[in-house]
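S.K.: Encoded as structure tokens, here's the structure I'll be asking about.
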Amino acid sequence: MVIFFIGTMMNYNFNEIEAKWQKYWADNQTFKAENDSEKEKFYVLDMFPYPSGAGLHVGHPLGYIASDIYARYKRHKGFNVLHPQGYDSFGLPAEQYAIQTGQHPAITTAANIKTYRRQLDQLGFSFDWSREVRTSDPSYYKWTQWIFIQLFNSWYNKETDKAEDIKSLIAHFEKEGNAKVDAVCDEDVVEFTAEDWDSFSDSKKQEVLLKYRLTYLAESEVNWCPALGTVLANDEIVNGVSERGGHPVIRKKMTQWSMRITAYAQRLLDGLQKIDWPQPLKDSQTNWIGRSEGASVTFNVIPTERSDEEPHQIEVFTTRPDTIFGVSFMTLAPEHELVSKITTPEQKDEVEAYIEATAKRSERDRMADVKAITGAFTGAFAEHPFTKEPLPIWIGDYVLAGYGTGAVMSVPCGDQRDYDYAEHFNIPIPNIFEGVDISKEAFADKEKTVIANSDFLNGLPYKKAVKRAIFELEKLGQGKGKVNFRLRDAVFSRQRYWGEPFPVYYDGNGMPQMIEEQYLPITLPEVEKYLPTETGEPPLGNATEWAWDLNKSEVVNNERIDYKHVFPLELNTMPGWAGSSQYFNRYMDPHNDEEIFSQEAINYWQDVDLYIGGSEHATGHLLYSRFWQKFMFDKGLVPKDEFAKKLINQGMITGTSAFVYKLSLMWALTSRHSDNRKYLEELSQKFPDIFHSSELYEKTFSDGLTLNDLAAKFEFPKLLKFLSEIDENKVNISQFTFGEIKLHSDVSLVNASDELDIEGFKKWRPEYGDAEFITEEDGSFKVSREVEKMSKSKYNVVNPDAICEEYGADSLRLYEMFLGPLEQSKPWNTAGITGAHSFLKKMWRLYHTGPNETFYVSDNAPSNDNLKTLHKTIKKVEEDIENFSFNTSVSTFMICVNELSAQKCSSKEILEPLAILVSPYAPHIAEELWEKMGHSESIATAPFPKFEEKYLVESSKEYPISFNGKMRFTMELPLDMSKENIEAAVLAHEKTQQQLQGRTPKKVIVVPGKIVNIVG
RNA sequence: GCUCGAGUGGCGGAACUGGUAGACGCGCUGGAUUCAAAAUCCAGUUCCUUUGGAGUGUGGGUUCGAUUCCCACCUCGAGUACCA
């Protein structure tokens, strides 16, 4: 029973205070940001969440708390702060739930968003909710569709190195064909003249243009995930299986929308230089883009005698043109288009069998045994560009169709894979390196390379040889210097329901047409079923109202499709990253129905100053967003070609799982026992549930304790009964030993000392309701702890709702920051929150030193100690926030409050600035105290206290005196004392003499204000 | 394999450009208060053979002085992978 005493209401009643201020902020729109202001702007952004059905756990808000602290700090510093929040609300889970239950994803999503909002609100974030966006909202995805259209209507001009309107390309074509156009385009474009262009049909023109557009429809090999019924982007595949669900992925040819992100490869790489993002993230983008410099080399295939075929050429990319004389064969990917054309009749069977075998192997198999060397000889030969020697052409699956040209010039002496292949198939391995033994392995050290046996390259080191080789190849017209990227164009179609529909219909020729911008958004149609259709079409194939009427400019019933003015609409939807690639700009002007955002808004807010979110988006969202931003920059829509100046990856908060141990029966498998195996298993099934405290096993059971001993020691009735029922004719009781079964316990049943609430455990797990618990000597039952990822199945998920209820949002915010450095992953342990919570209580008490702990703040002048404590806190906290070292400022607050309490400080001159300092971290208590100190306005924009050095000036210093670098004692000396006097004073000290034990010091180092070190 | 990042008490973690290693908090131990518990307060808490000594993953190096800089190695984590 809890008894409340009236009259002690001055206690820190966090629940009441927090509710009060959350309501105040909402009612007063305290954090609403204006698009015009005299103040300097500052844009603090969080990666918006996908609203999952599970709600938030304590790990999720970590980044939000950090960004909120920074946003609040910047407001105190006088900035106009934009700190919005929204939802990335299209996605797979809602759709799969819909497939299972028939519940419309929009309904599930809305419900989840409601939960998220409640959970976010209770943490006291200073979001400007008036700017909320949801990617699944038609008023938002209208603009996602709009950008798609802009991309469709653009091409990439390499000459100007930017995206341009497709009209300028058409103008080129009309004037001079495509010969002089330097564009990023499909590889299979054929040259045509202005006259050719003029003679093309409309449909043919469209077909040609599609090869140049920044978003284009192409039959491409995609990652198809049969289990999910959709294609996946490369970054959605992890270890050969789908990131979501872990389903197998196969390669499949499909007609899909793609984004020509490769056009931006170099700029995406260069842009990394000027943004302040974590190095590991930049590294992984750099890797993903995968720039490599080298040369493309053309090898002529030697025609066979009887061939009437046209001469073939093999183009390869190599980073080592310097090793051109080391080529002893060519290898093509099995999928290479030339394979079927050049294979000789004698080799046909072997080659086809090999191709079939490799096609069957999944990505995963292929990755699993990379060591197996397989391949086949095509029977054809290519001619070496310089020596004119014939080079056998092989195929092998170590050459990837998707990288470079899908063909390599094999230099076994310089590349280990070529070496292994050559060795396996008995192909010669000529050595072209000076003074290197290649009898065991290939030699790939560029730095130490000196070329030999290579005609004009002899004696040259790597770099010079590369240059010379390219020069000679160019002279021959059989090669040139080339930069190759690993980055592929991004597949943009998904066979899903819950995503943005494309603003696209198909004309009678099957050519895609854009719907005019003024008719956007094209809203997602209703469907009966969320599964693919029986004919294998995407879910939108189930829609009956999904045709575009060109006359009426509206979506109409499919029955009216006539390919004259009513056309079928695109059935795919956009991928998850579509909506998240532009949301940060939309926040600047989220309700604008005329434009994606006004020029005034974008010119005021410019770009994101601080972006906080997880590192898992390194090669997905963060790369695609940079791509779209650069595109929008080219179009003159945004003033910056990088959208976020600074980015921080918050670390993951892991869980601290709790384990209980249950005894199990074990036996040695003697021959007698193996006969009675069944009976033994029966016994172990029947063995009563006995749990033991975590440390007892080693002490008690592992050490040969028998079943009889156990029964005698504890006299558990069920155990005694079990024993009495054992048929000793079948088994020998003395041969039983004990094992232990480790089970997760819910972490909420465990206290700070790792003691389990046994009754709670029994209630939680009714099947163990009558289990026995062997406790420690003091009667406690201890669990063991392990750090694991937070997950439902591990019963280590901690819900912020419960924490807020028990300790308050301010405690939670402080504690999450206090756990450790923001960017580091660290385990959650609820026990520790009492430290943060009692700090807040202590701070509350500092302002409540009146009679009966009533509020009391005086106008008394502060003491020097008060001022010193305050100003060193200001200094440290300011530095910490600027450095995102939030954990250390929490300890600074603790020290500050401890000191001021000891000093019995009640001076308003100290306590007012202290409230502001704490306010970014624990805003509710700060507002409450601020109000009590007589302010009628929110603390949110109160100016940050100004640090003044003069309060920290000291006249003396406690010098550490060290001997050979080891500190042995300290000595208080005036700070203005000269080096000589310090040395003299230290040497005169009795402890110095003691340390030296009669030796004369060789040297005395005096660093004034720091340290004294005596050597000797 | 390659590329990053990290190794400090029982635990989370502090330590500015090299200058008193272990701040702050949890936990633990003892005490005060209480009929008792919770809460609160006070003291202690790296280790050891304790008038002293050792100690920041291991081994070297630079330095008057190294958790910090350099080299090699070990362990863990993240990303990536037949990339020509």
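The values are calculated or read from the model by the stated rules, or taken from the named source; none is laboratory data. Predicted model, so just to flag it, every value in this text is computed and none were measured. Every residue, glycine among them, receives a Cβ derived from its backbone with ideal geometry; neighbour counts consider all protein chains shown. Heads up: the accessible areas ignore ligands, DNA and RNA and are worked out on the full protein's heavy atoms, side chains in. Shrake-Rupley method; radii C 1.70, N 1.55, O 1.52, S 1.80 Å.
S.K.: Please give the solvent-accessible surface of A:Phe325 in Å², to the nearest 10, using a probe radius of 1.4 Å with every protein chain present.
M.R.: The value for A:Phe325 is about 30 Å².
S.K.: Treating only the Cβ atoms of Lys and Arg (+1) and Asp and Glu (-1) as charged, compute the dipole magnitude of the stretch A:654-788 about its Cα centre; round to the nearest 20 debye.
M.R.: My answer is approximately 480 debye.
S.K.: Between beta-carbons, use under 13 Å as the cut-off and find the net charge around A:Ser753, counting Lys and Arg +1, Asp and Glu -1.
M.R.: -4
S.K.: Hey, if you put +1 on the Cβ of every Lys and Arg and -1 on every Asp and Glu Cβ in chain A, which of A:Ser919, A:Gly636, A:Asn178 ends up farthest toward the positive end of that dipole?
M.R.: A:Ser919
S.K.: Please give every one of the aspartates and glutamates within straight-line cross-link reach of A:Lys440, meaning a C-alpha to C-alpha distance under 15 Å, and leave out same-chain neighbours fewer than 8 residues apart.
M.R.: A:Asp415, A:Asp418, A:Asp420, A:Glu423
S.K.: Now for a separate question. Go through A:556-563, A:316-323, A:722-729, A:146-153 and give me the packing order, highest mean Cβ count within 10 Å leading.
M.R.: Final packing ranking: A:316-323, A:146-153, A:556-563, A:722-729.
S.K.: What lysines could a cross-link reach from A:Lys868, if we take a straight Cα to Cα line under 24 Å and drop same-chain neighbours fewer than 8 places away?
M.R.: Result set, ordered by chain and number: A:Lys77, A:Lys841, A:Lys842, A:Lys876, A:Lys904, A:Lys908, A:Lys946, A:Lys950, A:Lys957, A:Lys1010.
S.K.: First check a/c for the stretch A:200-257, with a ≥ b ≥ c the square roots of the eigenvalues of its C-alpha gyration tensor; if it is under 1.5, answer rounded, and if not, answer prolate when a/b is larger than b/c or oblate otherwise.
M.R.: prolate
S.K.: Among A:His744, A:Ser901, A:Val1012, flag the residue with its Cα farthest along the positive direction of the charge dipole of chain A, charges on Cβ as +1 for Lys/Arg and -1 for Asp/Glu.
M.R.: Among A:His744, A:Ser901, A:Val1012, the one farthest towards the positive end of the dipole of chain A is A:Val1012.
S.K.: Just tell me which lysines come within less than 22 Å, Cα to Cα, of A:Lys162; anything on the same chain fewer than 8 places away is out.
M.R.: Reachable lysines: A:Lys175, A:Lys180, A:Lys211, A:Lys274, A:Lys482, A:Lys630, A:Lys635, A:Lys640, A:Lys645.
S.K.: Nearest 5 percent is fine: what portion of the DSSP beta bridges confined to chain A is antiparallel?
M.R.: Looking only at bridges with both residues in chain A, the antiparallel portion is about 80 percent.
S.K.: Classify the stretch A:716-788 from the C-alpha gyration tensor, please: rounded if a/c falls under 1.5, else prolate or oblate depending on whether a/b exceeds b/c.
M.R.: prolate
S.K.: State in Å² the accessible area per residue of chain A; use a 1.4 Å probe, count heavy atoms of protein chains only, and round to the nearest integer.
M.R.: Dividing the accessible area of chain A by its residue count gives 47 Å².
S.K.: Once the convex hull of the C-alpha atoms of the stretch A:954-1015 is built, how many Å³ does it hold per residue, rounded to a whole number?
M.R.: Output value, Cα hull per residue: 69 Å³.
S.K.: Show me the ranking of peptides A:956-963, A:462-469, A:44-51, A:761-768 by mean Cβ neighbours inside 10 Å, starting with the highest.
M.R.: Per-residue Cβ counts within 10 Å, averaged per peptide and sorted highest first, yield A:44-51, A:462-469, A:956-963, A:761-768.
S.K.: Please report the antiparallel percentage of the DSSP beta bridges confined to the stretch A:544-667, to the nearest 5.
M.R.: Here the antiparallel bridges make up roughly 55 percent for the stretch A:544-667.
S.K.: Which listed residue (A:Pro61, A:Asn15, A:Ser130) has the Cα farthest towards the positive end of the charge dipole for the stretch A:1-142, taking +1 on Lys and Arg C-beta and -1 on Asp and Glu C-beta about the Cα centre?
M.R.: Result: A:Asn15, furthest along the dipole toward the positive end.
S.K.: With every protein chain present, what accessible area does A:Asp757 have (1.4 Å probe, heavy atoms only), rounded to the nearest 10 Å²?
M.R.: The accessible area of A:Asp757 comes to roughly 80 Å².
S.K.: Follow-up. Per the 1.4 Å probe, what fraction of the accessible area of the stretch A:654-788, in percent, lies on carbon and sulfur atoms?
M.R.: 45 percent
S.K.: Going 7 Å from the Cα of A:Leu705 toward and past its Cβ, which residues in the stretch A:739-760 have a backbone nitrogen under 15 Å from where you end up?
M.R.: A:739-741
S.K.: Express the carbon and sulfur contribution to the solvent-accessible surface of the stretch A:808-951 as a percent, rounded to the nearest whole number, probe 1.4 angstrom.
M.R.: Reported share for carbon and sulfur atoms: 49 percent.
S.K.: List the GluC sites (Glu not before Pro) within the stretch A:243-316 that fall in a DSSP loop (any state other than H, G, I, E or B) and whose Cβ has at most 11 other Cβ atoms within 10 Å.
M.R.: A:Glu305, A:Glu309
S.K.: Kindly provide the helix-only [θ] at 222 nm of chain A, computed as the sum of -39,500 (n - 2.57) over DSSP H runs of four or more divided by all residues, to the nearest 500 deg cm²/dmol?
M.R.: -10000 deg cm²/dmol, from helical runs alone.
S.K.: Which order do A:Trp288, A:Trp828 take when ranked by solvent-accessible area (1.4 Å probe, heavy atoms of all protein chains), largest first?
M.R.: Highest to lowest solvent-accessible surface, that is A:Trp288, A:Trp828.
S.K.: Within 15 Å, Cβ to Cβ, of A:Lys448, how many net charges do the neighbouring residues add up to if Lys/Arg are +1 and Asp/Glu are -1?
M.R.: Around A:Lys448, the surrounding residues sum to -2.
S.K.: Which trypsin sites (Lys or Arg not before Pro) in the stretch A:872-925 sit in a loop by DSSP (not H, G, I, E or B) and have at most 11 other Cβ atoms within 10 Å of their own Cβ?
M.R.: A:Lys904
S.K.: Here's something else I'd like to know. Mind grabbing the accessible area of A:Trp129 for me, 1.4 Å probe, Å², rounded to tens?
M.R.: Counting only protein heavy atoms, A:Trp129 exposes about 50 Å² to solvent.
S.K.: Assign one of three labels to the stretch A:49-123, namely rounded, prolate or oblate, based on the Cα gyration tensor with a ≥ b ≥ c the square roots of its eigenvalues; rounded applies when a/c is under 1.5, prolate when it is not and a/b is larger than b/c, and oblate otherwise.
M.R.: Note, shape of the stretch A:49-123 comes out prolate.
S.K.: Charges at C-beta only: +1 for Lys and Arg, -1 for Asp and Glu. How large is the resulting dipole of the stretch A:954-1015 about its Cα centre, in Debye rounded to 20?
M.R.: 420 debye
S.K.: Can you pull out the GluC sites (Glu not before Pro) in the stretch A:423-469 whose DSSP state is coil and whose Cβ has at most 13 other Cβ atoms within 10 Å?
M.R.: A:Glu441, A:Glu447
S.K.: For chain A, with only Lys/Arg (+1) and Asp/Glu (-1) charged at the beta-carbon, what is the dipole magnitude about the Cα centre, in debye rounded to 20?
M.R.: 2800 debye
S.K.: Around A:Thr193, what is the net charge, scoring Lys/Arg as +1 and Asp/Glu as -1 over all other residues with Cβ under 12 Å from its Cβ?
M.R.: -4
S.K.: Mind listing P(r) for chain A? All alpha-carbon pairs, 10 Å bins, whole percents.
M.R.: 2, 8, 13, 16, 16, 16, 14, 10, 4, 1, 0, 0
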